[in-house]
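First up is the structure itself, then whatever we jot down about it.
The values are calculated or read from the model by the stated rules, or taken from the named source; none is laboratory data. All of these numbers come straight from a predicted model, not from anything done at the bench. As a convention, Cβ positions derive from the backbone with ideal geometry for all residues, glycine included, and neighbour counts pool all protein chains shown. We work out accessible area using only protein heavy atoms, side chains counted, and drop any ligands, DNA or RNA first. Shrake-Rupley method; radii C 1.70, N 1.55, O 1.52, S 1.80 Å.
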There are 2 protein chains.
Amino acid sequence: MPTIDERFARLATDHAPGQEVRQAFADGDVALRGEPIAGTPVDFSHGDVNPTAFAPTPGSLEEFVAGVHRGASQAYTEYRGDAALRALMAERLARFTGAPVSGVDDLIITPGTQGALFLALGALVNPGDRVAIVRPDYFANRKIVEFLGGVVVPVRMDYLSRDTGAGLDLDQLEAAFRSGVKTFLFSNPNNPAGVVYTPEEVARIASLATTHGVSVVVDQLYSRLLYAGNSFTHLRAADIDADLVVTIMGPSKTESLSGYRLGTAFGAARIIDRMEKLQAIVSLRAPAYSQAVLRTWFAEPDGWLEERIAAHQALRDDLLAVFAGAPGMRVRSPQAGSYLFPRLPRLDVPLHHFVRALRVQAGVTVTPGIEFSPDSTDSIRLNFSQNHEAAVNAVRRIAEMVDRYRADVGAVLAG
Amino acid sequence: MPTIDERFARLATDHAPGQEVRQAFADGDVALRGEPIAGTPVDFSHGDVNPTAFAPTPGSLEEFVAGVHRGASQAYTEYRGDAALRALMAERLARFTGAPVSGVDDLIITPGTQGALFLALGALVNPGDRVAIVRPDYFANRKIVEFLGGVVVPVRMDYLSRDTGAGLDLDQLEAAFRSGVKTFLFSNPNNPAGVVYTPEEVARIASLATTHGVSVVVDQLYSRLLYAGNSFTHLRAADIDADLVVTIMGPSKTESLSGYRLGTAFGAARIIDRMEKLQAIVSLRAPAYSQAVLRTWFAEPDGWLEERIAAHQALRDDLLAVFAGAPGMRVRSPQAGSYLFPRLPRLDVPLHHFVRALRVQAGVTVTPGIEFSPDSTDSIRLNFSQNHEAAVNAVRRIAEMVDRYRADVGAVLAG
């Protein structure tokens with residue numbers, strides 16, 4: 001049994017997205033090269049919800065204020081959320097995902113999708129249980145499993161060397177399930193790589209889970225922000241035992257409602273029921289006044305979603321063009337979501353050092369790849385839901401900084 | 001090692017405050033006596049934040065809206081909360097509690113005080129650790145410890161047979177500490193009993209904790225709502241190793257800001273630091289836009305707090321007068337907070353049955369005592385932060401219902 005100090009050492013957040021400001025208190029060791037590079041600072045660790053980038057859904061603040069004016073009935077709902085609102089969400093999410101959802105039994109409203117993830121795993125993972133986790137995947141997945149005393153069983157995903165599908169190693173997943181894994185957690189679209197699982201990949205996951213009785217938590221936070229030419233397959237609508245699946249979604253990304261801290265989880269009633277019991281002691285109840293803002297979700301003005309997707313797609317393409325001009329940089333074009341996960345050429349400084357230099361010298365904040373997989377020591381993650389012009393210029397600065405710190409400077413100059 | 005089903009069976013929320021509506025799905029077994037008793041329904045399971053009862057602090061919604069308009073800087077703060085806001089809160093809380101607080105290192109903003117409680121215990125309790133818990137005390141305390149795999153070591157509190165102090169059995173507390181307890185958790189003012197620890201009780205806790213190196217989490221949620229003639233002693237300002245104490249407070253009760261889901265924890269930097277790491281995986285970051293509402297806390301309009309205390313005190317006294325006229329009912333007058341915890345005379349039905357009958361027949365929702373202690377099988381908890389007239393009438397209905405279900409009906413009629 002690890003001590004509590006050892007457990008928390010594994011939960012370090014010094015390099016987690018959004019925590020960069022705290023590094024200043026610990027690290028004075030960056031040996032910088034060259035002069036600062038001027039430009040509007042861009043924080044790619046999360047999306048920008050300012051009006052100059054991607055503002056929250058129209059009408060969201062008005063719904064919040066209406067919730068406050070409803071008073072006690074909105075402040076104190078069932079722990080799993082207001083019943084009428086759950087019925088409404090269940091109907092919309094059933095339509096979106098193509099499989100039934102009961103608002104009474106199958107859905108819980110949580111403080112953010114992070115809250116939903118923690119509750120779902122808390123409802124499934126007993127100390128010592130084996131949990132399959134994709135590499136790379138959302139940075140908190142591993143940490144939640146470890147905090148709960150679970151054993152992480154990693155499964156490779158070769159996202160970079162293909163144009164379609166996620167590239168999950170399905171044979172390795174099967175071997176993991178055969179080894180006694182009880183729970184499988186993955187994001188689709190994948191965070192950080194922006195790739196979408198094919199119908200065949202989803203069908204194989206469904207079949208393996210049913211065969212081995214493995215509960216699956218699928219984080220579909222970005223499934224609405226799908227780019228032209230791609231399609232999305234919902235695991236819960238595939239051929240899978242419905243009692244094994246919980247899907248997590250929320251309005252914090254595509255809809256830029258992250259400031260309201262809203263998430264939902266829906267699926268197997270036995271798991272949702274436990275999640276509510278856990279919510280009772282973790283945060284007591286669903287976000288109170290904020291819940292009202294969910295009324296805007298899947299009910300945005302006509303054309304709003306299409307416009308939002310188009311704006312992100314145009315930005316994606318401009319950023320990919322900048323990366324394409326940077327020698328030695330490899331990046332897969334995201335099929336959905338607002339993440340880019342470029343692999344850098346070999347640098348002659350450690351990745352954390354480069355990431356700090358990028359922030360200090362170029363005003364660009366990114367998240368180091370190893371937050372997402374211990375193998376991703378040469379990648380950085382960017383959330384490109386940002387002001388278009390500022391983001392393009394910031395990625396140009398990344399390219400310039402890579403040139404300063406690359407291991408093969410001579411080769412490039414010669415080339 | 002218990003199975004996950006066994007673990008969640010111990011987290012049952014069917015009788016927890018606010019969950020009464022879900023009982024209707026499970027229980028059809030109430031054999032009712034007599035006719036319904038008319039009256040405005042009152043839900044004593046939580047305070048009423050409607051304008052007809054105790055509305056949120058003036059200016060709170062305006063601060064929230066200003067937070068939304070600040071945009072990304074308010075939506076995405078450090079996980080532990082916005083730095084400037086933490087500095088402000090640290091200054092105010094240091095003044096209130098009489099001991100220093102560093103906004104940089106010693107304070108975290110959480111989604112509700114429930115969130116702070118979970119994080120504080122999560123930061124301290126390793127599986128197998130012994131944790132001292134008061135009986136009776138806040139219903140989630142035991143459940144959090146059990147979820148984390150800790151071992152609950154109960155400590156008696158004889159609140160009923162005295163007029164002053166909490167009545168904690170300090171010798172039993174010392175024995176618990178000697179038995180290897182590593183963490184002690186208690187609420188002061190006590191929830192559910194409304195009693196306040198004397199300076200002597202607090203000093204003894206401080207001395208025992210320092211001697212035995214026990215970390216102490218003190219939930220002071222109600223410490224501002226202190227009635228005339230009482231004084232409050234802050235553990236963190238007592239003679240105690242500061243590295244052992246975390247204090248939890250929030251604006252959800254006295255200030256009726258529960259709908260914004262805000263809490264704070266402050267004290268030992270080593271514990272706050274772990275709490276932030278845990279917050280990163282439990283809810284990612286401090287409540288985003290809502291944080292702005294904290295600016296109103298400890299900065300209410302002149303006279304507002306005094307008026308709020310006076311209104312609760314008047315209501316407390318009127319309710320105590322009704323209980324005093326009900327034969328066989330025993331209740332201690334609360335020194336702080338808005339809870340009453342009357343002990344009922346012997347009934348001839350189980351407590352859960354009576355509580356359901358009270359709700360169905362008399363429109364009065366209360367929380368059964370056994371949520372707070374397995375010994376409190378004859379008590380009910382009322383949060384009397386309600387509309388004055390409705391609350392008084394509802395307590396009259398409680399008295400009438402007790403008469404219908406009491407075991408000694410004959411004796412009372414004869415008397």
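Test A:D243 against the criterion of being surrounded by fewer than 19 Cβ atoms within 10 Å (Cβ to Cβ), part of a helix (DSSP H, G or I) and touching a residue at least 60 places away in the same chain (Cβ under 8 Å), and give yes or no.
Considered against the rule, which asks whether it is surrounded by fewer than 19 Cβ atoms within 10 Å (Cβ to Cβ), part of a helix (DSSP H, G or I) and touching a residue at least 60 places away in the same chain (Cβ under 8 Å), A:D243 comes out as no.
Output the residue which, of all residues in the range A:62-77 that are without any contact (Cβ under 8 Å) to a residue 60 or more places away in the chain and not aliphatic (A, V, I, L, M), is farthest from B:H46 (Cα to Cα).
Out of the qualifying residues, it is A:E62.
Looking at the range B:355-372 only, could you name the residues that are within 15 Å of B:E400 (Cβ to Cβ) and not β-branched (V, I, T)?
B:A357, B:L358, B:R359, B:Q361, B:A362, B:G363
When the residues of the range A:78-90 are narrowed to those that are without any contact (Cβ under 8 Å) to a residue 60 or more places away in the chain and more than 8 Å from every other protein chain (Cβ to nearest Cβ), which ends up nearest to B:Q279 (Cα to Cα)?
So the first thing to find is which residues in the range A:78-90 are without any contact (Cβ under 8 Å) to a residue 60 or more places away in the chain, and the list is A:83-84, A:86-87.
Add one more test, that the residue is more than 8 Å from every other protein chain (Cβ to nearest Cβ), and what stays is A:84, A:86-87.
Details: A:A84: 30, A:R86: 26, A:A87: 29 Å.
Looking at residues that are without any contact (Cβ under 8 Å) to a residue 60 or more places away in the chain and more than 8 Å from every other protein chain (Cβ to nearest Cβ), I get A:R86.
Can you name the number of the only condition in (1) farther than 30 Å from A:R7 by Cα; (2) open to solvent by 50 Å² or more (accessible area, probe 1.4 Å); (3) modelled with pLDDT of 95 or more; (4) not polar (S, T, N, Q) that A:G34 fails?
That leaves (3) as the condition not met.
Condition first: more than 24 Å from the chain's Cα centre (by Cα) and either more than 9 Å from chain B (Cβ to nearest Cβ) or more than 20 Å from B:R261 (Cα to Cα) (or both). Now tell me which residues in the range A:274-302 satisfy that.
The answer is A:P301, A:D302.
Looking only at the range A:46-90, count every residue that is outside any loop (DSSP other than H, G, I, E, B), among the β-branched types (V, I, T) and crowded, with 19+ Cβ neighbours inside 10 Å and tell me the total.
Qualifying residue count, the range A:46-90: 1.
Considering only residues that are crowded, with 24+ Cβ neighbours inside 10 Å and among the aromatic types (F, W, Y), which ones fall in the range A:370-405?
Passing the criteria: A:F372, A:F384.
So is B:I248 assigned to a strand (DSSP E or B), modelled with pLDDT of 95 or more and under 20 Å from the mean Cα position of the chain (by Cα) or not? Show your work before the answer.
Working: assigned to a strand (DSSP E or B): yes; modelled with pLDDT of 95 or more: yes; under 20 Å from the mean Cα position of the chain (by Cα): yes.
Criteria met by B:I248.
When you scan the range A:258-266, do you find a residue that is over 17 Å from B:F64 (Cβ atoms), more than 10 Å from every other protein chain (Cβ to nearest Cβ) and of a type outside the set (V, I, T), even just one?
Checked against the condition, which is being over 17 Å from B:F64 (Cβ atoms), more than 10 Å from every other protein chain (Cβ to nearest Cβ) and of a type outside the set (V, I, T), the range A:258-266 yields at least one hit.
For the range A:263-279, indicate whether the set of residues that are assigned to a loop (DSSP other than H, G, I, E, B) and in contact with a Gly (Cβ under 9 Å, 6 or more places away or on another chain) is non-empty. Break it down stepwise before answering.
Of the residues in the range A:263-279, the ones assigned to a loop (DSSP other than H, G, I, E, B) are A:268.
Among the residues that remain, those that are also in contact with a Gly (Cβ under 9 Å, 6 or more places away or on another chain) are: none.
No; the residues of the range A:263-279 include none that is assigned to a loop (DSSP other than H, G, I, E, B) and in contact with a Gly (Cβ under 9 Å, 6 or more places away or on another chain).
Taking the conditions exactly as written (of a type in the set (K, R) and within 14 Å of chain A (Cβ to nearest Cβ)), does B:R270 satisfy them or not?
Spelling it out, B:R270 is indeed of a type in the set (K, R) and within 14 Å of chain A (Cβ to nearest Cβ).
Restricting to the range A:45-62, give me the number of residues that are of a type in the set (D, E) and more than 7 Å from every other protein chain (Cβ to nearest Cβ).
Residues that pass the stated criteria total 1.
Does B:R224 satisfy the condition of being basic (K, R), surrounded by fewer than 24 Cβ atoms within 10 Å (Cβ to Cβ), outside any loop (DSSP other than H, G, I, E, B) and touching a Leu at 6+ places or on another chain (Cβ under 8 Å)?
no
Restricting the search to the range A:167-213, which residues are β-branched (V, I, T), surrounded by fewer than 22 Cβ atoms within 10 Å (Cβ to Cβ) and part of a helix (DSSP H, G or I)?
Across the range A:167-213, the qualifying residues are A:T210, A:T211.
Please state which one of A:V331, A:V349 is open to solvent by 10 Å² or more (accessible area, probe 1.4 Å), within 25 Å of A:V195 (Cβ to Cβ) and in contact with a helix residue (DSSP H, G or I) (Cβ under 8 Å, 6 or more places away or on another chain).
A:V331
With respect to B:D219, determine if the residue is modelled with pLDDT of 95 or more, touching a Ser or Thr at 6+ places or on another chain (Cβ under 9 Å) and more than 15 Å from B:A116 (Cβ to Cβ).
No: the conditions fail for B:D219.
Here's a check for you: in the range A:1-18, which residue that is open to solvent by less than 60 Å² (accessible area, probe 1.4 Å), within 11 Å of another protein chain (Cβ to nearest Cβ) and in a loop (DSSP other than H, G, I, E, B) is modelled with the highest pLDDT?
So, considering only residues that are open to solvent by less than 60 Å² (accessible area, probe 1.4 Å), within 11 Å of another protein chain (Cβ to nearest Cβ) and in a loop (DSSP other than H, G, I, E, B), the one modelled with the highest pLDDT is A:L11.
What number of residues within the range A:161-188 are at pLDDT below 95 and not acidic (D, E)?
3
Considering each of A:L107, A:L119, A:L93 in turn, give the residue that is open to solvent by less than 40 Å² (accessible area, probe 1.4 Å) and within 12 Å of another protein chain (Cβ to nearest Cβ).
Matching residue, one of A:L107, A:L119, A:L93: A:L119.
Of the residues B:R162, B:R156, which single one is open to solvent by 50 Å² or more (accessible area, probe 1.4 Å) and touching a Lys or Arg at 6+ places or on another chain (Cβ under 7 Å)? First the steps, then the outcome.
Details: B:R162 fails: touching a Lys or Arg at 6+ places or on another chain (Cβ under 7 Å).
Only one candidate qualifies: B:R156.
From the list B:V42, B:V21, B:V65, which residue is at pLDDT 95 or above and at the interface with chain A (Cβ under 9 Å from one of its Cβ atoms)?
Within the list B:V42, B:V21, B:V65, the selection yields B:V65.
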